[in-house]
Structure formats: structure tokens, C-alpha cells
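Take a look at the structure below.
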Amino acid sequence: MNKDKLRSCFSQTLGIPIERVTDDLAYNSIEEWDSVGHMAVVADLESTFDVMLDTDDILNLGSVGQAVAILRRLGVDFDAA
Amino acid sequence: MLLEDRVALITGASRGIGRAIATTFAEQGARVVITSRSPELDETAALIRERGGRATAVRGDLRDDGFPRELITRCKKEHGRIDVLVNNAGVLLSGLLGMISIESLRETFETNTLATIHLTQYAVRLMDSGRNPSIVNVASIAGTRGLDGVTGYAASKGAVVAFTRSSAKELAPKGIRVNAVAPGIIDTAMTRGLTEDVRRRRTAAIALGRMGTPQEVANVALFLASSLASYVTGQVLGVDGGMVA
């Protein structure tokens, strides 16, 4: 369920179809996910999951899969159905 | 009131200019979150509450890894947003060239410059462009015009001036204004650390013939933080009584 929310964050803030939001989708690999889009994604993830990312996390958030890992470390559960 | 229903985060609020800014903002209706590494911070909070204001005091050192994030998280949990950030925390480094240790230079830049930039990065994420958000940095006349005997400090504050002007440009599309006050010689614990000779010489260079008060700096910070300055960004406003040398 949280995975769906996460994919929805990327899809809505970057303005791309949700099918394109896969774990290996990477920062700067598509036109929509540039540095401006990146900060928008971060803001949306923070408000959706009520967390605050470190600056280092923001810099390391290089793919959707890495976003999952970072959020998991901040206590977000991605294993529940 | 000029800051009704605003949430303001003020660093270095335990004394001097920071305390004056915190109490002034609270009197003008702001809910203030104040921070400092000094225990005197609680006195500032008590002063605000005595006068009917609302204050949250968060002790910590902005140079510590993790503290800026902790501070901003606290703002988010308690208020959900930040409308005004005042980067005031600073240390004065005196010393003639040739006699400035690298350790003291590091401490000065870490506190005056790096912490300002680092905290700003976090705070803007809680700013809502629809609420006329504002950042006020506390620079110094040393950083804008140069001052002998405090060159390391001057350089750290000069960087704050450059950061103010640059971040004003970068954050304008988000509706965030960024300005700075550049105090001259203000009667605080920081300047009381100067030798009597230096204080006399500095005061002699002030057109108004006296040192400024923390309140006089706070009043200008209030203007820049409020909607009175809604069309003002990227400015560095001297509060120096017309310092001529």
C-alpha cells in the first residue's frame, strides 16, 4: 500500500504515467526528473509519509528503489500488503 | 500586529540581537521557535511567555550533524510550517592577520556561514509560497564594508551577504524573500568582548555618535520579515547609525 503511495508521489509530481515508476527509474534518466522535479518529489514524499529527509538522503535519492530504502530506514513500512 | 499567525524560527536567540528579535517577533504575534546552544535560551523563552507570547525553545548546536534536521522536524511537528527564518547565530572572531588559528576560523565559518546555508536548505522545505515566507540573515558591517582586526569574522559574514543575494534569486520563484541586516557596532555581549580602545575607535566612526541597541536591529529584521517588505528581496540593509569608516 505504501509502495502504491510512493509510486503515486513520483507519478504526480513528475507528471509521468504510474507504469513508468519502477524501482530502477533513476534521477536524471528522464527529462521530468531533473533537479527541480527532484525537490518536488522530496517535498511530496515528506508530506505523504510525514518524514523529513536529511540533505544527504536527498542527494543519495538516485532512484525509486533508493527512495524505498531511505523511507524504510525512516520507519515507513513497505512490507505490509 | 505585523506577524500575526506567523511561525518564526530564530537562531542564536539566547541573548543580544537574537533575543531582541525573538521577543519583538513574539510581541508582534508570531509563534516563535528559538534555538541556541546556550542555557540562557530558557530565559528568552520565559521572557516571551511572561509577556503573553508563545515560544518553543530547542537547545542545540547548529554545527552538530543532525541538529538542523531535528530543529526543523520540531517546527514541522508543532506548527506544520515555517513562515520566517532568522539566521542570527554567530560568533565573533577577533585577531590580527598572522594570529588567527585555523581552529577558530573553522568554528567561525561553521557557525556564521555553513550553519546559515545548511539550516536554510532545510527550512525552505517547510515554507509555503502562498504565505509570503521570508528569510532574514544577520550579516555585519564587517562583511559589507570590511573591518580591520576581525578579518576572519568579516569574511564569514561577507559569505552570508553573497548567500543572501544568491538565495534570493534562487528562491524568488517559490515566493520566498531573502534579505539581510548588516549591524554596525551594537551594544551586546559580543561587542563587549572588544577592547576598550577598539570600542572607542569604532564608536568614533559612527555618524550618529553612539552604538546601536539590539532592539534597533530587531526593528529592521521585523520590517524585512513582515509583509511591509513584500517587494523587498536580495537586499542587505545596514543598521549602523551611519558608520563612515
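Before we move on, is B:ASP61 surrounded by fewer than 18 Cβ atoms within 10 Å (Cβ to Cβ) and in contact with a Phe, Trp or Tyr (Cβ under 7 Å, 6 or more places away or on another chain)? Here the answer is yes, as B:ASP61 does meet what is asked.
Selection of the stretch B:93-112 for residues being without any contact (Cβ under 8 Å) to a residue 24 or more places away in the chain and small (Gly, Ala, Ser) yields B:GLY98, B:SER101.
Tell me whether the stretch B:209-231 contains one or more residues that are assigned to a helix (DSSP H, G or I), of a type in the set (A, V, I, L, M, F, W, C) and within 27 Å of B:GLY98 (Cβ to Cβ).
To start, the set of residues in the stretch B:209-231 that are assigned to a helix (DSSP H, G or I) comprises B:214-225, B:227-229.
Add one more test, that the residue is of a type in the set (A, V, I, L, M, F, W, C), and what stays is B:217-218, B:220-225, B:228-229.
Going one step further and asking which of them are within 27 Å of B:GLY98 (Cβ to Cβ), we end up with none.
Scanning the stretch B:209-231, I find no residue that is assigned to a helix (DSSP H, G or I), of a type in the set (A, V, I, L, M, F, W, C) and within 27 Å of B:GLY98 (Cβ to Cβ), so the answer is no.
Filtering B:ILE72, B:ILE82, B:ILE117 for residues that are within 13 Å of chain A (Cβ to nearest Cβ), touching a residue at least 24 places away in the same chain (Cβ under 8 Å) and in contact with a Cys (Cβ under 6 Å, 6 or more places away or on another chain) leaves a single hit, B:ILE82.
The requirement of being in contact (Cβ under 8 Å) with a residue 40 or more places away in the chain and either within 14 Å of the chain's Cα centre (by Cα) or over 26 Å from B:VAL244 (Cα atoms) (or both) is satisfied by B:ALA123.
Hey, any hits in the stretch B:164-187 for a residue that's of a type in the set (Val, Ile, Thr), in contact (Cβ under 8 Å) with a residue 60 or more places away in the chain, outside any strand (DSSP E or B) and touching a strand residue (DSSP E or B) at 6+ places or on another chain (Cβ under 7 Å)? Before the answer, list the steps.
Our first condition is that a residue be of a type in the set (Val, Ile, Thr); within the stretch B:164-187, this holds for B:164, B:176, B:178, B:181, B:185-186.
Those left that are additionally in contact (Cβ under 8 Å) with a residue 60 or more places away in the chain: B:164, B:186.
With the extra rule that they be outside any strand (DSSP E or B), the set shrinks to B:164.
Going one step further and asking which of them are touching a strand residue (DSSP E or B) at 6+ places or on another chain (Cβ under 7 Å), we end up with B:164.
For the stretch B:164-187, residues of a type in the set (Val, Ile, Thr), in contact (Cβ under 8 Å) with a residue 60 or more places away in the chain, outside any strand (DSSP E or B) and touching a strand residue (DSSP E or B) at 6+ places or on another chain (Cβ under 7 Å): present.
What are the residues in the stretch A:8-23 that are more than 20 Å from A:PHE78 (Cα to Cα) and either under 12 Å from the mean Cα position of the chain (by Cα) or not hydrophobic (A, V, I, L, M, F, W, C) (or both), if any? Within the stretch A:8-23, A:THR13, A:LEU14, A:GLY15, A:PRO17 meet the criteria.
Restricting attention to the stretch B:55-90, report how many residues are among the β-branched types (Val, Ile, Thr), assigned to a strand (DSSP E or B) and closer than 16 Å to B:HIS118 by Cβ.
Of the residues in the stretch B:55-90, 2 are among the β-branched types (Val, Ile, Thr), assigned to a strand (DSSP E or B) and closer than 16 Å to B:HIS118 by Cβ.
When you look at B:LEU93, is it surrounded by 14 or more Cβ atoms within 10 Å (Cβ to Cβ), at pLDDT below 95 and more than 14 Å from chain A (Cβ to nearest Cβ), yes or no? Against the criterion (surrounded by 14 or more Cβ atoms within 10 Å (Cβ to Cβ), at pLDDT below 95 and more than 14 Å from chain A (Cβ to nearest Cβ)), B:LEU93 qualifies.
Counting only helices (runs of 4 or more DSSP H) that fall entirely inside the stretch A:2-81 and contain at least 2 residues that are within 14 Å of chain B (Cβ to nearest Cβ) and either in contact (Cβ under 8 Å) with a residue 60 or more places away in the chain or polar (S, T, N, Q) (or both), the qualifying elements are A:35-49. Residues in the stretch B:7-22: is at least one in a loop (DSSP other than H, G, I, E, B) and out of contact with any helix residue (DSSP H, G or I) (no Cβ under 8 Å at 6 or more places or on another chain)? Scanning the stretch B:7-22 turns up no residue that is in a loop (DSSP other than H, G, I, E, B) and out of contact with any helix residue (DSSP H, G or I) (no Cβ under 8 Å at 6 or more places or on another chain). If the Cβ limit is 7 Å and pairs must be 6+ apart or interchain, which residue in the stretch B:51-67 that is away from chain A (no Cβ under 14 Å) pairs with which residue that is in a loop (DSSP other than H, G, I, E, B)? Cβ pairs passing all conditions: B:ARG59/B:ARG37; B:GLY60/B:ARG37; B:ASP61/B:ARG37.
Exactly one residue out of B:SER134, B:SER129, B:SER140, B:SER156 is within 26 Å of B:LYS77 (Cα to Cα) and either crowded, with 23+ Cβ neighbours inside 10 Å or in contact with a His (Cβ under 8 Å, 6 or more places away or on another chain) (or both), and it is B:SER134.
Can you confirm whether B:GLY152 is more than 14 Å from chain A (Cβ to nearest Cβ), touching a Leu at 6+ places or on another chain (Cβ under 7 Å) and assigned to a helix (DSSP H, G or I)?
Working: more than 14 Å from chain A (Cβ to nearest Cβ): yes; touching a Leu at 6+ places or on another chain (Cβ under 7 Å): yes; assigned to a helix (DSSP H, G or I): yes.
Taking the combined requirement at face value, the residue satisfies it.
Among the listed residues B:ALA168, B:ALA207, B:ALA189, which satisfies the condition of being over 14 Å from the mean Cα position of the chain (by Cα), closer than 25 Å to B:THR24 by Cα and surrounded by fewer than 13 Cβ atoms within 10 Å (Cβ to Cβ)? Among B:ALA168, B:ALA207, B:ALA189, only B:ALA189 is over 14 Å from the mean Cα position of the chain (by Cα), closer than 25 Å to B:THR24 by Cα and surrounded by fewer than 13 Cβ atoms within 10 Å (Cβ to Cβ).
The values are calculated or read from the model by the stated rules, or taken from the named source; none is laboratory data. Predicted model only: the values in this text are computed from it and were never measured. Cβ atoms come from the backbone with ideal geometry, glycine included; neighbour counts cover every protein chain shown.
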